[in-house]
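All remarks here apply to the structure that follows.
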Amino acid sequence: MSAATTRSRTARTPVPDRLCAEAVDLARAAAEEAAAPGVVGEHAGVVSEGDRVVTHYFESKEPGYRGWRWAVTVARASRAKNVTLDETVLLPGADALLAPEWVPWSERLRPGDLGPGDLLPTEAEDPRLEPGWTGEDEPPPNSIVSDELAELVDAEDAELTDRPVAISRGSIAAVAEELGTRRARVLSRYGLYEAADRWDEAFGPKTPMAQAAPATCVSCAFLIPMAGSLKQAFGVCANEISPADGHVVSLAYGCGGHSEAAVMPAPVRPADHALDTMRVDEYALRPERDGGSVPPEADGASEDLGHS
């Protein structure tokens, strides 16, 4: 029982070959040849890889490779005394600094990375998009809109318009052509929800600015309503003072630039003057004869002075 246990342990962890384990100088010379003199540090240990196969580890002093080790594997043929070099490689240790996990370019892109001249192709099966016209609205063969009638209507339209291509009647493409919004693909419902979540996170009711706002954007005069299915939840800010100027904002968003946040009070009307200085007051040069205590007779002294 004891012998079986010993054989099992020996199979799992073989004892390093003596000649291979003693070939430290050979392993160091191989590591310095692969790296550079001076960057190969102290001998860090020996690990047996199999029968007469040993790996020597050396510390790495290469800048930027903290915790990495040079691994040099040597081997010896059966009944041979010469140790030969197998491979040399730089491997990370338990506390080594590793580069972050590789991420595809499509997942590394962030808002603002796209510059002038850059092209960002979209996948054919992008879940945010769906075909703008699938042909499902084509009239059936036995429809009231027959081919002859459709050709007649197209001919009449061609006389009135200068369309280069006549589009079949009763299709989404025809309606889109008339509205001027013909596109190969349009936003899918998933794409709309994804955009709504992104806008709500940037300019939504949970932002610190909205939490401290006196009112929401739904009552602000600077809000430009949107069209389409998102108009019930979003609009565009047109206040140059607001941090959301030119951005799509949630109707529950708000800021200090709300149009009704600080309405200027009406100017106070000054009180009327107690003395009207704009009107001429008439005064008599002489008092009325019966209106006072002055005698009606003329004053003699005034006659001598020439007063009348």
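The values are calculated or read from the model by the stated rules, or taken from the named source; none is laboratory data. Only a predicted model underlies this, so the values are computations on that prediction, with no experimental measurement involved. Here the Cβ is made from the backbone with ideal geometry for all residues, glycine too, and neighbour counts use every protein chain on show. Protein only, heavy atoms only, side chains kept; ligands, DNA and RNA dropped before computing areas. Shrake-Rupley method; radii C 1.70, N 1.55, O 1.52, S 1.80 Å.
Residues within the reach of a label modelled at ALA261 (point 7 angstrom out along Cα to beta-carbon, backbone nitrogen below 18 Å), restricted to region 205-231, are 205-224. Taking amide H as placed 1.01 Å from N in the peptide plane, VAL249 has its amide H under 5 Å from the amide H of GLY235, VAL236, CYS237, each at least 5 places away in sequence or on another chain. Distance between the 7 Å Cα→Cβ label points at ALA271 and LYS81: 12.6 nm.
Taking a probe of 1.4 angstrom, what is the accessible area of ASP197 in Å², to the nearest 10? The value for ASP197 is about 110 Å². Sequence-ordered 3J(HN,Hα) estimates for region 20-33 from the Karplus curve with 6.51, -1.76 and 1.60 and θ = phi - 60° stand at 5, 5, 7, 7, 6, 5, 4, 5, 5, 4, 5, 5, 5, 5 Hz, glycine and proline given as x. Applying 1/(1 + (r/R0)^6) with r as the Cβ-Cβ distance of ALA184 and ASP245 and R0 = 35 angstrom yields a FRET efficiency of 0.60. Rounded to 0.05, the FRET efficiency of the GLU62 and ALA215 pair, given R0 = 51 Å and the Cβ-Cβ distance, is 0.25. Per-residue surface analysis assigns THR122 an accessible area of about 70 Å², computed on protein heavy atoms at 1.4 Å probe radius.
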